[in-house]
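Engineer: Can you read through this structure? Questions will come right after.
The values are calculated or read from the model by the stated rules, or taken from the named source; none is laboratory data. No experiment lies behind these values; they were computed from the predicted model shown. Please note: Cβ atoms are built from the backbone with ideal geometry, for glycine as well, and neighbour counts cover all protein chains shown.
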Amino acid sequence: FAGGPLAGVRVMVTAGPTREPLDPVRYLTNRSSGRMGFAVAAAAAEAGAQVCLVSGPVHLDTPRGVTRVDVETALQMYEAVMARAAGTDLFIATAAVADYRMAQPAERKIKKQADELPLTLVKNPDILAAVAALPDGPFTVGFAAETDDLETYAQGKLEAKGLDMIAANDVSGGRGFDVSDNALTVFWRGGSLSLPRQSKSQLARELVALIARHHGGCLPS
Ligand code: PMT
(Lines give C-alpha, C1' and ligand atoms only; values in the text may rest on other atoms or scores of the structure.)
Protein backbone atom coordinates (compact mmCIF):
# COMPACT_ATOMS: atom_id res chain seq x y z
CA PHE A 1 0.00 0.00 0.00
CA ALA A 2 3.10 2.21 -0.13
CA GLY A 3 1.99 4.66 -2.83
CA GLY A 4 -1.53 5.43 -1.51
CA PRO A 5 -2.94 8.88 -0.69
CA LEU A 6 -2.04 8.46 3.00
CA ALA A 7 1.47 7.07 2.44
CA GLY A 8 3.68 8.02 5.38
CA VAL A 9 0.76 9.45 7.40
CA ARG A 10 0.36 8.26 11.02
CA VAL A 11 -3.33 7.62 11.68
CA MET A 12 -5.05 6.76 14.97
CA VAL A 13 -8.62 5.43 14.94
CA THR A 14 -10.89 4.78 17.94
CA ALA A 15 -13.55 2.11 17.53
CA GLY A 16 -16.25 0.16 19.30
CA PRO A 17 -18.07 0.81 22.55
CA THR A 18 -16.63 1.36 25.99
CA ARG A 19 -17.70 -0.63 29.02
CA GLU A 20 -18.21 1.17 32.32
CA PRO A 21 -18.29 -1.19 35.32
CA LEU A 22 -21.10 -0.98 37.88
CA ASP A 23 -19.64 -3.79 40.00
CA PRO A 24 -17.27 -6.73 39.28
CA VAL A 25 -19.84 -8.48 37.04
CA ARG A 26 -22.00 -5.73 35.50
CA TYR A 27 -21.37 -2.76 33.21
CA LEU A 28 -22.96 0.04 31.17
CA THR A 29 -22.30 -0.05 27.42
CA ASN A 30 -23.95 0.56 24.00
CA ARG A 31 -24.68 -1.23 20.73
CA SER A 32 -21.48 -0.35 18.84
CA SER A 33 -19.97 -3.45 17.18
CA GLY A 34 -16.74 -1.74 16.11
CA ARG A 35 -17.41 -2.53 12.42
CA MET A 36 -17.35 1.11 11.23
CA GLY A 37 -14.10 1.88 13.03
CA PHE A 38 -12.39 -1.32 11.94
CA ALA A 39 -13.43 -0.57 8.34
CA VAL A 40 -11.96 2.95 8.64
CA ALA A 41 -8.71 1.53 10.05
CA ALA A 42 -8.53 -1.02 7.20
CA ALA A 43 -9.23 1.67 4.58
CA ALA A 44 -6.56 3.97 6.04
CA ALA A 45 -4.03 1.10 5.96
CA GLU A 46 -5.02 0.36 2.35
CA ALA A 47 -4.40 4.06 1.59
CA GLY A 48 -0.82 3.64 2.81
CA ALA A 49 -1.12 4.99 6.37
CA GLN A 50 0.59 3.63 9.45
CA VAL A 51 -2.51 2.85 11.54
CA CYS A 52 -3.01 2.49 15.29
CA LEU A 53 -6.50 1.25 16.21
CA VAL A 54 -7.62 1.84 19.80
CA SER A 55 -10.60 -0.43 20.32
CA GLY A 56 -13.18 -1.06 23.00
CA PRO A 57 -14.43 -4.63 23.54
CA VAL A 58 -15.54 -6.06 20.16
CA HIS A 59 -15.55 -9.44 18.36
CA LEU A 60 -13.58 -8.51 15.25
CA ASP A 61 -10.26 -9.51 13.73
CA THR A 62 -7.58 -6.84 13.47
CA PRO A 63 -7.36 -5.51 9.87
CA ARG A 64 -4.19 -6.37 7.94
CA GLY A 65 -1.28 -4.03 8.59
CA VAL A 66 -2.96 -2.32 11.58
CA THR A 67 -1.56 -2.10 15.12
CA ARG A 68 -4.30 -2.64 17.72
CA VAL A 69 -4.56 -1.49 21.33
CA ASP A 70 -7.46 -3.00 23.31
CA VAL A 71 -9.16 -1.07 26.09
CA GLU A 72 -12.35 -1.46 28.06
CA THR A 73 -13.39 1.81 29.72
CA ALA A 74 -13.55 5.41 28.47
CA LEU A 75 -10.78 6.37 30.90
CA GLN A 76 -8.55 3.61 29.50
CA MET A 77 -9.34 4.75 25.93
CA TYR A 78 -8.48 8.33 26.94
CA GLU A 79 -5.11 7.21 28.41
CA ALA A 80 -4.28 5.02 25.38
CA VAL A 81 -5.10 7.81 22.92
CA MET A 82 -3.39 10.65 24.79
CA ALA A 83 -0.21 8.56 25.26
CA ARG A 84 0.05 8.21 21.45
CA ALA A 85 -1.47 11.50 20.21
CA ALA A 86 1.84 13.33 19.88
CA GLY A 87 2.99 10.84 17.24
CA THR A 88 -0.23 11.05 15.24
CA ASP A 89 -0.94 13.12 12.11
CA LEU A 90 -4.61 12.21 11.67
CA PHE A 91 -7.11 11.19 14.38
CA ILE A 92 -10.45 9.59 13.43
CA ALA A 93 -12.87 9.02 16.33
CA THR A 94 -15.52 6.45 15.43
CA ALA A 95 -15.85 5.00 18.95
CA ALA A 96 -19.13 5.22 20.83
CA VAL A 97 -17.54 6.35 24.09
CA ALA A 98 -19.74 6.28 27.21
CA ASP A 99 -20.43 9.87 28.24
CA TYR A 100 -20.74 8.81 31.91
CA ARG A 101 -19.26 6.21 34.26
CA MET A 102 -20.16 5.12 37.79
CA ALA A 103 -18.79 7.61 40.32
CA GLN A 104 -17.73 4.69 42.51
CA PRO A 105 -18.07 1.20 41.00
CA ALA A 106 -19.00 -1.28 43.76
CA GLU A 107 -16.13 -3.50 44.87
CA ARG A 108 -18.52 -6.41 45.46
CA LYS A 109 -21.52 -7.62 43.45
CA ILE A 110 -24.45 -5.28 44.10
CA LYS A 111 -27.19 -7.19 45.97
CA LYS A 112 -30.86 -7.02 45.07
CA GLN A 113 -32.41 -4.69 47.65
CA ALA A 114 -35.10 -1.98 47.50
CA ASP A 115 -37.41 -1.44 44.48
CA GLU A 116 -35.28 1.46 43.30
CA LEU A 117 -31.49 1.55 42.97
CA PRO A 118 -30.14 5.06 42.40
CA LEU A 119 -26.77 5.13 40.65
CA THR A 120 -24.50 8.19 40.64
CA LEU A 121 -22.75 8.73 37.31
CA VAL A 122 -19.95 11.19 36.54
CA LYS A 123 -18.87 12.56 33.17
CA ASN A 124 -16.07 10.87 31.24
CA PRO A 125 -13.41 13.02 29.57
CA ASP A 126 -14.12 13.81 25.92
CA ILE A 127 -11.25 12.09 24.10
CA LEU A 128 -11.85 13.74 20.73
CA ALA A 129 -12.10 17.25 22.22
CA ALA A 130 -8.91 16.64 24.21
CA VAL A 131 -7.00 15.59 21.07
CA ALA A 132 -8.39 18.55 19.10
CA ALA A 133 -7.22 20.92 21.85
CA LEU A 134 -3.59 19.72 21.73
CA PRO A 135 -1.15 22.39 20.52
CA ASP A 136 0.20 21.19 17.14
CA GLY A 137 -2.19 18.23 17.43
CA PRO A 138 -3.34 15.99 14.58
CA PHE A 139 -5.99 16.71 11.95
CA THR A 140 -9.17 15.60 13.75
CA VAL A 141 -12.21 13.83 12.33
CA GLY A 142 -15.15 13.12 14.62
CA PHE A 143 -18.32 11.10 14.16
CA ALA A 144 -21.72 12.28 15.38
CA ALA A 145 -24.35 9.60 16.02
CA GLU A 146 -27.73 11.32 16.03
CA THR A 147 -31.37 10.23 15.93
CA ASP A 148 -32.68 13.72 15.00
CA ASP A 149 -31.53 17.14 13.76
CA LEU A 150 -28.45 15.47 12.25
CA GLU A 151 -26.94 18.52 10.56
CA THR A 152 -27.50 20.95 13.46
CA TYR A 153 -26.00 18.62 16.09
CA ALA A 154 -23.10 17.58 13.83
CA GLN A 155 -22.20 21.19 12.99
CA GLY A 156 -22.48 22.00 16.71
CA LYS A 157 -19.99 19.24 17.59
CA LEU A 158 -17.62 20.35 14.80
CA GLU A 159 -17.47 23.83 16.37
CA ALA A 160 -17.73 22.91 20.08
CA LYS A 161 -14.93 20.32 19.90
CA GLY A 162 -12.79 22.36 17.48
CA LEU A 163 -12.62 19.61 14.83
CA ASP A 164 -11.46 19.71 11.22
CA MET A 165 -14.22 17.40 9.94
CA ILE A 166 -17.23 15.50 11.28
CA ALA A 167 -19.10 12.52 9.85
CA ALA A 168 -22.78 12.74 10.79
CA ASN A 169 -24.36 9.32 11.22
CA ASP A 170 -28.15 8.97 11.26
CA VAL A 171 -28.73 6.22 13.82
CA SER A 172 -32.54 6.44 13.91
CA GLY A 173 -34.66 3.35 13.18
CA GLY A 174 -31.91 0.81 13.87
CA ARG A 175 -29.41 2.37 11.44
CA GLY A 176 -25.67 2.74 12.04
CA PHE A 177 -25.03 0.64 15.15
CA ASP A 178 -24.29 -3.09 14.75
CA VAL A 179 -25.34 -3.42 11.09
CA SER A 180 -23.16 -4.07 8.04
CA ASP A 181 -24.05 -0.97 6.00
CA ASN A 182 -24.13 2.74 6.75
CA ALA A 183 -24.43 6.24 5.23
CA LEU A 184 -22.68 9.44 6.36
CA THR A 185 -22.83 13.17 5.69
CA VAL A 186 -19.43 14.73 6.22
CA PHE A 187 -19.15 18.39 7.24
CA TRP A 188 -16.17 20.72 7.35
CA ARG A 189 -15.97 24.49 7.61
CA GLY A 190 -17.28 25.69 4.27
CA GLY A 191 -18.54 22.41 2.84
CA SER A 192 -20.23 19.05 3.14
CA LEU A 193 -20.57 15.80 1.19
CA SER A 194 -23.11 12.98 1.52
CA LEU A 195 -21.74 9.46 1.19
CA PRO A 196 -24.67 7.16 0.30
CA ARG A 197 -25.70 3.93 2.04
CA GLN A 198 -23.32 1.07 1.22
CA SER A 199 -21.23 -1.54 3.02
CA LYS A 200 -19.19 -0.11 5.89
CA SER A 201 -16.01 -1.29 4.08
CA GLN A 202 -16.79 0.64 0.91
CA LEU A 203 -18.11 3.66 2.84
CA ALA A 204 -14.89 3.75 4.88
CA ARG A 205 -12.83 3.81 1.65
CA GLU A 206 -14.82 6.82 0.39
CA LEU A 207 -14.51 8.56 3.75
CA VAL A 208 -10.76 7.97 3.92
CA ALA A 209 -10.33 9.26 0.35
CA LEU A 210 -12.24 12.43 1.31
CA ILE A 211 -10.22 12.89 4.51
CA ALA A 212 -6.96 12.36 2.58
CA ARG A 213 -7.91 15.15 0.15
CA HIS A 214 -8.59 17.55 3.05
CA HIS A 215 -5.61 16.47 5.11
CA GLY A 216 -3.41 16.98 2.09
CA GLY A 217 -4.85 20.49 1.72
CA CYS A 218 -6.26 20.00 -1.79
CA LEU A 219 -9.76 21.24 -1.01
CA PRO A 220 -10.75 24.77 0.02
CA SER A 221 -11.25 24.98 3.78
O1 PMT B 1 -19.49 0.20 15.74
P2 PMT B 1 -20.61 0.07 14.73
O3 PMT B 1 -21.64 -0.95 15.15
O4 PMT B 1 -20.10 -0.18 13.33
O5 PMT B 1 -21.41 1.46 14.70
C6 PMT B 1 -20.79 2.61 14.18
C7 PMT B 1 -21.18 3.88 14.97
C8 PMT B 1 -22.67 4.13 14.80
C9 PMT B 1 -20.85 3.69 16.46
C10 PMT B 1 -20.30 5.04 14.37
O11 PMT B 1 -20.57 5.18 13.00
C12 PMT B 1 -20.58 6.37 15.07
O13 PMT B 1 -21.50 7.10 14.73
N14 PMT B 1 -19.73 6.68 16.08
C15 PMT B 1 -19.89 7.83 16.96
C16 PMT B 1 -20.77 7.39 18.09
C17 PMT B 1 -21.07 8.42 19.13
O18 PMT B 1 -21.42 8.01 20.22
O19 PMT B 1 -20.92 9.69 18.83
P20 PMT B 1 -21.18 10.94 19.83
O21 PMT B 1 -22.05 11.86 19.07
O22 PMT B 1 -21.62 10.52 21.19
O23 PMT B 1 -19.73 11.53 20.00
C24 PMT B 1 -19.20 12.51 19.12
C25 PMT B 1 -17.75 12.24 18.85
O26 PMT B 1 -16.98 12.43 20.05
C27 PMT B 1 -17.42 10.84 18.35
O28 PMT B 1 -16.39 10.96 17.40
C29 PMT B 1 -16.93 10.11 19.60
O30 PMT B 1 -15.98 9.09 19.29
C31 PMT B 1 -16.25 11.25 20.36
N32 PMT B 1 -16.28 11.12 21.83
C33 PMT B 1 -17.47 11.17 22.50
C34 PMT B 1 -17.48 11.11 23.89
C35 PMT B 1 -16.24 10.99 24.58
N36 PMT B 1 -16.19 10.92 25.92
N37 PMT B 1 -15.09 10.94 23.89
C38 PMT B 1 -15.08 11.00 22.52
O39 PMT B 1 -14.01 10.94 21.90
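Engineer: Is it the case that some residue within the stretch 84-97 is at pLDDT 95 or above, under 13 Å from the mean Cα position of the chain (by Cα), of a type in the set (Val, Ile, Thr) and over 18 Å from ALA49 (Cβ atoms)?
Structural biologist: yes
Engineer: Here is a list of conditions, (1) surrounded by 13 or more Cβ atoms within 10 Å (Cβ to Cβ); (2) more than 8 Å from the ligand (Cβ to nearest atom); (3) under 30 Å from ARG10 (Cβ atoms), and ASP170 meets all of them except one; can you say which number that is?
Structural biologist: Condition not satisfied by ASP170: (3).
Engineer: Can I ask one more? Report every pair of residues separated by at least 6 positions or lying on different chains whose Cβ atoms are under 6 Å apart, first residue within the stretch 204-215 and at pLDDT 95 or above, second of a type outside the set (Ser, Thr, Tyr) and crowded, with 24+ Cβ neighbours inside 10 Å.
Structural biologist: Sorted first by the residue in the stretch 204-215, then by its partner, the pairs are ALA204/ALA39; ALA204/VAL40; ALA204/ALA43; ARG205/ALA43; VAL208/ALA43; VAL208/ALA44; ILE211/VAL141; ALA212/LEU6.
Engineer: Given the residues ALA114, ALA98, which is the only one that is touching an Asp or Glu at 6+ places or on another chain (Cβ under 6 Å) and among the small types (Gly, Ala, Ser)?
Structural biologist: Criteria check complete, one pass: ALA98.
Engineer: On to the next question. Restricting to the stretch 73-106, name every residue that is part of a loop (DSSP other than H, G, I, E, B), buried (at least 16 other Cβ atoms within 10 Å of the Cβ) and either within 13 Å of the ligand (Cβ to nearest atom) or among the acidic types (Asp, Glu) (or both).
Structural biologist: Matches in the stretch 73-106: THR73, ASP89, THR94, ALA95, VAL97, ALA98.
Engineer: Moving on to the next point. Kindly indicate which of PHE139, PHE187, PHE143 is more than 13 Å from the ligand (Cβ to nearest atom) and either closer than 30 Å to ALA86 by Cβ or in contact with a Cys (Cβ under 6 Å, 6 or more places away or on another chain) (or both).
Structural biologist: PHE139
Engineer: Okay, next question. Output the residues belonging to the stretch 143-165 that are of a type in the set (Lys, Arg) and either more than 13 Å from ASP126 (Cα to Cα) or outside any helix (DSSP H, G or I) (or both).
Structural biologist: Taking the stretch 143-165 first, the residues of a type in the set (Lys, Arg) are 157, 161.
Listed by number, the list holds a single entry, LYS161.
Engineer: When you look at TYR27, is it among the hydroxyl-bearing types (Ser, Thr, Tyr), assigned to a helix (DSSP H, G or I), under 26 Å from LEU119 (Cα atoms) and at pLDDT 95 or above, yes or no? I'd like the intermediate steps shown before the answer.
Structural biologist: Numbers: among the hydroxyl-bearing types (Ser, Thr, Tyr): yes; assigned to a helix (DSSP H, G or I): no; under 26 Å from LEU119 (Cα atoms): yes; at pLDDT 95 or above: yes.
Here the answer is no, as TYR27 does not meet what is asked.
Engineer: Turning to a different aspect of this structure: Consider LEU193 carefully, then state whether it is within 15 Å of the ligand (Cβ to nearest atom) and of a type outside the set (D, E, K, R).
Structural biologist: Values: within 15 Å of the ligand (Cβ to nearest atom): no; of a type outside the set (D, E, K, R): yes.
No, not satisfied.
Engineer: Right, another one. Quick check: anything in the stretch 119-136 closer than 30 Å to GLU159 by Cα, within 13 Å of the ligand (Cβ to nearest atom) and loosely packed, with under 10 Cβ neighbours inside 10 Å?
Structural biologist: Yes; the residues of the stretch 119-136 include at least one that is closer than 30 Å to GLU159 by Cα, within 13 Å of the ligand (Cβ to nearest atom) and loosely packed, with under 10 Cβ neighbours inside 10 Å.
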